[in-house]
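Trainee: Before I ask anything, here is the structure I am working with.
Values in this text are rule-based calculations from the coordinates and carry no lab data. Treat the numbers as computed from the prediction; the structure is a model and nothing was measured. Cβ atoms come from the backbone with ideal geometry, glycine included; neighbour counts cover every protein chain shown.
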Amino acid sequence: MVAISALWLAILLSAVAVFVVSAVVWMVLPHHKSDFKQLPDEGAAAATLRAQNLAPGIYNIPHVMDPKEVANPEVKARFDNGPVGFLTVVPNGVPNMGKNLGMVFVYYLVVAAMVAYVVTRTVSPDADYLAVYRVAGVTAWMAFSFGAFQDAIWFGRPWSHVWKNLADGFVYALFVGGVFGWQWPG
């Protein structure tokens, strides 16, 4: 069995590779430009929400604490009349890109460490590049992409976001698989 510590460079290099590739995906490629829509009257919506004095968090409308409440005709009417949705509120101010980039890099490191764990437990120490590449790549793809399905199923995230997330995650996984295959100590 290969020790996870033997893959420290693969973990670091794959996190760096995904960091760079994700920057290209989000800043250069056009496919995410249509992900977010502007409200018809953003000023009025912002004023209404500002008056609510919302703390950062996730809100839903209509809000029910107990699913049994939906049987109440008044609550059902709130759903029927809409809007029905989820709202994520973040702290006021321009997003702190340095902090967010740091946090996403840590996320990429954690994914790479988990990939290292799976690969070291499932791939023979004398495995060839392609065997390591396949396990590392599929594991990374699942980690980067498959959570998007839950968001679409339960929280109404558009399916187009899921397919884009799958495609992005697949590209990231190609790099992770390549780095792990290249750095495999066997």
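Trainee: Is there a residue being within 30 Å of W163 (Cα to Cα), among the polar types (S, T, N, Q) and either surrounded by fewer than 10 Cβ atoms within 10 Å (Cβ to Cβ) or touching a His at 6+ places or on another chain (Cβ under 9 Å) (or both) anywhere in the stretch 39-62?
Mentor: No - not one qualifying residue is present in the stretch 39-62.
Trainee: Please go through the stretch 9-35 and give me each residue that is in a helix (DSSP H, G or I), more than 16 Å from V118 (Cβ to Cβ) and not aliphatic (A, V, I, L, M), ordered by number.
Mentor: F19, S22, W26
Trainee: Looking only at the stretch 140-186, filter to residues that are part of a helix (DSSP H, G or I) and among the charged types (D, E, K, R); which one of those is surrounded by the fewest Cβ atoms within 10 Å (Cβ to Cβ)?
Mentor: Ranking the candidates gives D151 first.
Trainee: Evaluate the following for S5: is it in a helix (DSSP H, G or I), within 21 Å of M103 (Cα to Cα) and hydroxyl-bearing (S, T, Y)?
Mentor: Working: in a helix (DSSP H, G or I): yes; within 21 Å of M103 (Cα to Cα): no; hydroxyl-bearing (S, T, Y): yes.
In short, no.
Trainee: Within the stretch 85-102, track down each residue that is in a helix (DSSP H, G or I) and either touching a His at 6+ places or on another chain (Cβ under 7 Å) or surrounded by 10 or more Cβ atoms within 10 Å (Cβ to Cβ) (or both). Please lay out each step first, then the result.
Mentor: Our first condition is that a residue be in a helix (DSSP H, G or I); within the stretch 85-102, this holds for 97-102.
Selection gives N100, L101, G102.
Trainee: From the list V75, V118, exactly one residue is more than 17 Å from the chain's Cα centre (by Cα), farther than 19 Å from F175 by Cα and among the β-branched types (V, I, T). Which is it?
Mentor: On inspection, the qualifying residue turns out to be V75.
Trainee: Follow-up. Consider A127 against the criteria (1) without any contact (Cβ under 8 Å) to a residue 60 or more places away in the chain; (2) over 15 Å from I11 (Cα atoms); (3) assigned to a helix (DSSP H, G or I); (4) of a type in the set (A, V, I, L, M): it satisfies all of them except one. Which criterion is unmet?
Mentor: For A127, the failing item is (3).
Trainee: Also: Just checking, how many residues over the stretch 39-84 are in a strand (DSSP E or B) and not aliphatic (A, V, I, L, M)?
Mentor: 3
Trainee: Identify the residue in the stretch 1-17 that is touching a helix residue (DSSP H, G or I) at 6+ places or on another chain (Cβ under 6 Å) and either without any contact (Cβ under 8 Å) to a residue 24 or more places away in the chain or small (G, A, S) (or both) and, among all such residues, is farthest from T122 (Cα to Cα).
Mentor: Ranking the qualifying residues of the stretch 1-17, first place goes to A17.
Trainee: Tally time: how many residues in the stretch 103-127 are surrounded by fewer than 21 Cβ atoms within 10 Å (Cβ to Cβ) and either out of contact with any helix residue (DSSP H, G or I) (no Cβ under 8 Å at 6 or more places or on another chain) or aromatic (F, W, Y) (or both)?
Mentor: Looking only at that region, the number is 10.
Trainee: Here is a follow-up. Looking at (1) among the hydrophobic types (A, V, I, L, M, F, W, C); (2) farther than 24 Å from N100 by Cα; (3) in contact (Cβ under 8 Å) with a residue 24 or more places away in the chain, find the lone condition where M65 falls short.
Mentor: (3)
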